[in-house]
Amino acid sequence: MSKLIFERSVEGRGCSLLPESPFERTELPARLCRGKAPRLPQITENDLCRHYTSLAQRSFGVNCGFYPLGSCTMKYNPKVNEVAASLEGFTEVHPYQPAYAVQGCLEVLDTAERYLCKITGMDAVTFQPAAGAHGEYTGLLLIKAYHHHRGEDHRNKIIVPDSAHGTNPASATMAGYAVVSIPSAPDGCVDLDALRAAAGPDTAGIMLTNPNTVGLFDRNILEITKIVHDAGGLCYYDGANLNAVMGIARPGDMGFDVVHLNLHKTFSTPHGGGGPGSGAVGCKELLTPFLPAGQVEKTGEGYRFAAPGECSIGRVKSFYGNFLVVVRALCYLLMLGCEGIPAAAQGAVLNANYMMKKLSSTYDIPYPGPCMHEFVMSLQSLKDDCSVSAMDIAKGLLDRGIHPPTMYFPLIVHEALMVEPTETESRETLNEAIDAFLALYEEAKENPQKLHEAPITTPVGRPDEVKAARSPVLRHRFGEE
Amino acid sequence: MNVQKDYFYTKSHEWVQFLSESTARVGLSDYAQSEMSDIVFVNLPQEGDLVSVGDSFADVESVKAVSDVYSPLAGEVSAVNEELLDSPQKINEDPYGAWLAEIKDISGKEELMDAAEYEKFLAESAE
């Protein structure tokens, strides 16, 4: 491992990055001053640059290579989004500025809301939530407020299929609900009988991802939402996989009442360490009275912030969410238009099916397609035959310059590798990745030991995950501590 | 896969060891711990919690995933194995010794398998 910046620090070195203050210096009362100077690293500008450049070189992003991380939609982030988001009118504003002085910003929020309503079939969208799980939590608070308002606080259970993203049960628990997990049917979709058995007078709602995490569009979706509605519950759409159907099928038409969108996945804003994210939440009219504050409305004189409804759940984040992320997403929407958005979804589905087909004669595909935007392989038989696991194949991909797919998820598939190529990859890139997967399979059969030792080309090979989880080192300790 | 002879088992791989007619300990089978791999964190119920059959009353986190533990019994939690909070690896090392919770005043239970039936169940699921 390379040194931390604190370990590079040498007493007395430094660089002056801050300009002289034009203001008169004010001495604080002694009781408000800290006793010791903060232990900031003392380092020259040159060493500082090298430190961060070396960190940047050791990271891997979509700009570096193929990144088929299933259920994460690691699509390319067009640079024009960055140009839009760096316009002064968006960056040099203050959240306390009066509405008349930030009409352009309000127009962005209003326009993005209208487009996303059209794509999801919802009636309103809030941009407050900072990311996906935050969006889930916000959506559940809307459901909770709805039931409370109707005097149905006894509805305390949220139904979640066992193929769900782990954030679903976690968000439901955070929102104060008990989680009822229902098994998937053999085809990987929701087991309708299990759902009927679980739905009842205590059902607050269901959380569902469609297409689901094995990459299949649930054919029974209308029946599923009807069963939940008939029981008096509401239907929550986890938008993690919207990329497969955006502009083609709408959650609102499937019967969902509330949906979160990961703008940082589906709408091409930076993702992962490059965030921040945005977990915009859309809802049907029956839930709009409960939306957080900060909705924009258009009047004869321009745009303004609407007063929050009496039943509003309040703010879930300061001000208007991660506004510049919304600017990027709107730029993406405008660049693609109403023809480009469905074309992107079709490209994502085509790319996934192309890869799956090419790999299906070698790797086991537990839910044979056609798939949607992603597919799942099981390496159980490879592990049984030559003790090469999904983890070993993933590590082998690193040596071939490819970010591994999602591993060991969904939980209902053993030794799972979940591949989501996205629409922004060329046929050449897909072919290279297919060749890498096939070559690794051969290698697993011929020389499994080599894969057990992979990766050999990366700065970090196989960290001790168990030790990291059981006794994490969460901060640097200075010598004298 | 090791199956403890005098214990009873659920399809979701919990084991039940009856201490008396109305009191039992619940833990995770050898198969469960091996599927989850190294366990790094355990959430236990509170003493005095009332549980119903099928309730998720604890969860275990491994480097792979977080898994719910479902109560095979209805009753009251009379003790929890606090040692696991600091040493979750005991579940990997000694799955049939590392009980999670003790349940008293048992008023109901799901259909449990004995060791022979559970062995058969494991063999069938592997096919």
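The values are calculated or read from the model by the stated rules, or taken from the named source; none is laboratory data. All of these numbers come straight from a predicted model, not from anything done at the bench. In this analysis, Cβ positions are derived from the backbone assuming ideal geometry, glycine residues included, and neighbour counts consider all displayed protein chains.
Let's see how each residue does on (1) on the phi < 0 side of the Ramachandran plot; (2) out of contact with any Asp or Glu (no Cβ under 6 Å at 6 or more places or on another chain); (3) polar (S, T, N, Q); (4) touching a residue at least 60 places away in the same chain (Cβ under 8 Å):
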residue	(1), (2), (3), (4)
A:A394	yes, yes, no, no
A:F409	yes, yes, no, yes
A:E442	yes, yes, no, no
A:T457	yes, no, yes, no
A:G461	yes, yes, no, yes
- Failed criterion for B:S29 (all others in (1) among the hydroxyl-bearing types (S, T, Y); (2) within 14 Å of another protein chain (Cβ to nearest Cβ); (3) buried (at least 16 other Cβ atoms within 10 Å of the Cβ) hold): (2)
- Here, strands (runs of 3 or more DSSP E) confined to region A:206-320 with at least 1 residues that are within 20 Å of the chain's Cα centre (by Cα), under 30 Å from A:D191 (Cα atoms) and of a type outside the set (S, T, N, Q) are A:234-238, A:258-260, A:281-283
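Please count how many residues of region B:86-121 are within 14 Å of chain A (Cβ to nearest Cβ) and either at pLDDT below 95 or surrounded by 13 or more Cβ atoms within 10 Å (Cβ to Cβ) (or both). Outline the logic, then answer.
Going through region B:86-121, the residues within 14 Å of chain A (Cβ to nearest Cβ) turn out to be B:86-93.
Right, trim to either at pLDDT below 95 or surrounded by 13 or more Cβ atoms within 10 Å (Cβ to Cβ) (or both) and you get B:86-92.
Total meeting the criteria: 7.
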- Message: Given the criterion in contact with a strand residue (DSSP E or B) (Cβ under 6 Å, 6 or more places away or on another chain), within 14 Å of another protein chain (Cβ to nearest Cβ) and in contact (Cβ under 8 Å) with a residue 40 or more places away in the chain, identify the matching residue among B:S12, B:S22, B:S56.
- Response: B:S12
- Note on the structure: Restricted to region A:450-472 and to residues being surrounded by 12 or more Cβ atoms within 10 Å (Cβ to Cβ) and within 14 Å of chain B (Cβ to nearest Cβ), the residue farthest from B:D38 (Cα to Cα) is A:R462
- Item | Sole exception among (1) within 14 Å of another protein chain (Cβ to nearest Cβ); (2) part of a loop (DSSP other than H, G, I, E, B) for A:M391, by number | (2)
- Task: Could you tell me whether region B:33-43 includes any residue that is within 19 Å of B:S107 (Cα to Cα) and at pLDDT below 95?
- Result: no
- Query: Mind checking which residues of region B:11-34 are closer than 13 Å to B:V69 by Cα and in contact with a His (Cβ under 7 Å, 6 or more places away or on another chain)?
  - Reply: B:L28, B:S29, B:A32
- Message: Let me confirm something: among A:Y441, A:Y408, which residue is of a type in the set (F, W, Y) and farther than 18 Å from A:L69 by Cα?
- Response: A:Y441
- Note on the structure: Given the conditions (1) away from chain B (no Cβ under 14 Å); (2) in contact with a helix residue (DSSP H, G or I) (Cβ under 7 Å, 6 or more places away or on another chain); (3) surrounded by fewer than 18 Cβ atoms within 10 Å (Cβ to Cβ), every one holds for A:H414 apart from (1)
- Search result, residues across region A:398-409 that are of a type outside the set (A, V, I, L, M, F, W, C), assigned to a loop (DSSP other than H, G, I, E, B) and more than 10 Å from chain B (Cβ to nearest Cβ): A:R400, A:G401, A:H403, A:P404, A:P405
- Flagged in region A:123-150 as small (G, A, S) and in contact with a strand residue (DSSP E or B) (Cβ under 8 Å, 6 or more places away or on another chain), in numbering order, are A:A124, A:G132, A:G135, A:G139
- Message: I'd like to know if region A:151-160 contains one or more residues that are out of contact with any strand residue (DSSP E or B) (no Cβ under 9 Å at 6 or more places or on another chain) and of a type in the set (K, R).
- Response: no
- Query: Can you name the strands (runs of 3 or more DSSP E) wholly within region A:91-186 that have at least 3 residues being more than 23 Å from A:K298 (Cα to Cα), within 14 Å of chain B (Cβ to nearest Cβ) and touching a residue at least 12 places away in the same chain (Cβ under 8 Å)?
  - Reply: A:157-161, A:178-182
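In this structure, does A:E420 turn out to be more than 14 Å from chain B (Cβ to nearest Cβ) and in contact with a His (Cβ under 7 Å, 6 or more places away or on another chain)? Full working, then the answer.
On the way: more than 14 Å from chain B (Cβ to nearest Cβ): yes; in contact with a His (Cβ under 7 Å, 6 or more places away or on another chain): yes.
Yes, satisfied.
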